[in-house]
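As structure tokens, the structure follows; a few thoughts come after it.
The values are calculated or read from the model by the stated rules, or taken from the named source; none is laboratory data. Everything numeric in this text was worked out from a predicted model, so none of it was measured. Cβ placement follows ideal geometry from the backbone for every residue including glycine, while neighbour counts extend to all protein chains displayed.
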Amino acid sequence: MRKINLDKFKRIERETKEINIDPLQTGGKIPEFTKPSLITWLDGYSICDFCPGSLFDLKTPPVKLFVEEILPEFLGCDQTRITHGAREGKYAIMHAVTKPGDWIVVDANAHYSSIVAAERAKLNIKKTEKPAEPEYKINPEDYKKALEEIEDGTGNPAALALLTYPDGSYGNLPDAKKISEICKSKGVPLILNGAYSVGRMPLNMKELGADFIVGSGHKSMAASGPVGVLGTTEEYAEKLFRRSEYYPAKEVEMLGCTVRGMPAVSLMLSFPFVQERVKHWEKEVENARWFSEQMEKQEIAVQYGEKPHNHDLMFFMSEKLYQISKKHKKRGFFLYQGLKKRGISGIKPGLTKQFKLSTYGLEKEDLEKVINALLEIIEENNHFLNDQ
């Protein structure tokens with residue numbers, strides 16, 4: 001057997017910068033006050049010390065209280081569970097309320113995990129009409145058209161619909177209430193994929209008219225993942241949370257129990273912080289709009305997606321940065337390295353022509369630093385633009 005050098009596994013560290021604008025991480029930053037407690041929950045199935053047979057009946061730590069009282073009120077639903085992430089929640093719903101061969105409608109901006117979850121549940125997938133540039137906006141009428149096409153083609157309504165709220169590419173927030181009204185008129189239950197909204201902004205499933213909601217703890221609820229949340233109405237709770245015939249304490253769609261360690265505790269420890277921060281969503285939107293305006297005013301990049309923007313996640317196109325990358329010896333990596341040198345991380349290495357970022361949780365002075373850093377990087381590489 002070949003001898004493998006394991007020295008690389010003795011010390012694995014992550015380099016972090018003062019300002020992080022990665023959409024996958026801005027909403028998942030752990031509050032400092034939770035970190036000392038988390039250390040005690042690092043070992044294996046640490047959460048299971050006092051398990052009565054079901055994770056969701058645990059009183060120590062207070063999982064039962066969290067899923068029966070706190071989360072339902074926060075999400076605006078009747079029953080909730082903790083999951084391994086938003087995608088696991090989506091699959092559980094699809095598997096519970098559909099049968100193989102059924103049709104599901106998803107928005108054209110849907111995350112790949114929604115598609116994979118539907119594939120795993122052996123569903124036929126109908127995407128709404130491809131949205132037009134540069135807004136890539138999903139309209140309620142897109143759902144009406146897709147649902148009618150399924151009914152006309154099969155003679156039966158779709159089994160399920162899913163709306164990404166917001167989408168993970170452009171940060172667009174479609175009119176969920178109108179879309180849910182259309183789905184209800186067709187007798188089709190609606191999943192709200194709130195991976196980038198639950199925990200970042202105020203959100204109420206019932207007020208928006210959805211039948212299911214999923215969220216991501218590690219993306220948007222200041223938790224150490226993988227961890228997520230799942231909620232539904234009383235109408236679907238019995239089917240979604242059905243118990244095993246052989247092990248009555250275990251729920252089938254949850255495979256008995258879900259998160260058995262530190263991520264679940266992280267989600268609960270951070271909850272008071274999350275509950276408070278969603279009250280300040282208007283400031284987050286204001287900061288995002290200011291940042292977008294500055295990016296365009298300073299001719300750094302153009303924001304795609306809805307305008308005025310209603311979310312912290314944004315998509316930018318930069319012809320200047322792209323043109324520099326074509327002549328720079330470091331190619332597209334010059335931007336990543338230039339930002340890193342200035343204490344900023346979050347734009348993926350190699351990207352210049354188009355990139356996503358998030359302003360969530362950052363103060364205006366931090367956003368000004370990002371704008372100034374980008375201007376400095378363009379200025380110091382301006383000769384590549386003048387050489388054209």
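In table form, for the structure just shown:
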{"read-out": "Some residue of segment 225-245 being surrounded by fewer than 24 Cβ atoms within 10 Å (Cβ to Cβ) and within 23 Å of K356 (Cβ to Cβ)", "value": "yes"}
{"read-out": "Out of T60, T26, T83, T34, sole residue that is within 18 Å of H218 (Cα to Cα) and at pLDDT below 95", "value": "T34"}
{"read-out": "Hey, T26 within 29 Å of G171 (Cβ to Cβ) and under 21 Å from the mean Cα position of the chain (by Cα) or not", "value": "yes"}
{"read-out": "Condition broken by E299, with the remaining ones in (1) of a type in the set (D, E, K, R); (2) crowded, with 18+ Cβ neighbours inside 10 Å; (3) outside any helix (DSSP H, G or I) satisfied", "value": "(2)"}
{"read-out": "Where L255 falls short, out of the listed (1) on the phi > 0 side of the Ramachandran plot; (2) surrounded by 16 or more Cβ atoms within 10 Å (Cβ to Cβ)", "value": "(2)"}
{"read-out": "Among residues of segment 302-337, those that are buried (at least 19 other Cβ atoms within 10 Å of the Cβ) and in contact with a strand residue (DSSP E or B) (Cβ under 9 Å, 6 or more places away or on another chain), counted", "value": "14"}
{"read-out": "Condition met for E73 (in a helix (DSSP H, G or I) and either at positive phi or surrounded by fewer than 17 Cβ atoms within 10 Å (Cβ to Cβ) (or both))", "value": "yes"}
{"read-out": "Members of segment 151-205 found to be acidic (D, E), more than 14 Å from the chain's Cα centre (by Cα) and farther than 25 Å from K99 by Cα, listed by number", "value": "D175"}
{"read-out": "Test for V265: is it assigned to a helix (DSSP H, G or I) and assigned by TED's automatic domain parsing to the domain that holds Y136", "value": "yes"}
{"read-out": "Selection count, segment 302-338, where residues are part of a helix (DSSP H, G or I), closer than 26 Å to N109 by Cα and either out of contact with any Lys or Arg (no Cβ under 6 Å at 6 or more places or on another chain) or assigned by TED's automatic domain parsing to the domain that holds R200 (or both)", "value": "2"}
{"read-out": "Close pairs (9 angstrom Cβ cut-off, 6 or more residues apart or separate chains): closer than 24 Å to E141 by Cα and assigned by TED's automatic domain parsing to the domain that holds D175 in segment 109-130, of a type in the set (D, E) and exposed (fewer than 14 other Cβ atoms within 10 Å of the Cβ) anywhere", "value": "I125/E119; E129/E141"}
{"read-out": "Any hit, segment 340-353, residues being of a type in the set (S, T, Y), outside any loop (DSSP other than H, G, I, E, B) and in contact with a Lys or Arg (Cβ under 7 Å, 6 or more places away or on another chain)", "value": "yes"}
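This table checks each residue for (1) over 15 Å from A210 (Cβ atoms); (2) of a type in the set (D, E, K, R); (3) part of a loop (DSSP other than H, G, I, E, B).
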| position | (1), (2), (3) |
| --- | --- |
| A118 | yes, no, no |
| K126 | yes, yes, no |
| D167 | yes, yes, yes |
| G171 | yes, no, yes |
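This table checks each residue for (1) without any contact (Cβ under 8 Å) to a residue 24 or more places away in the chain; (2) hydroxyl-bearing (S, T, Y); (3) outside the structural domain of M254 (by TED's automatic domain parsing); (4) not in a helix (DSSP H, G or I).
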site	(1), (2), (3), (4)
T16	no, yes, yes, yes
D22	no, no, yes, yes
I47	no, no, no, no
F50	yes, no, no, yes
F66	no, no, no, no
T80	no, yes, no, yes
Y91	no, yes, no, no
G101	yes, no, no, yes
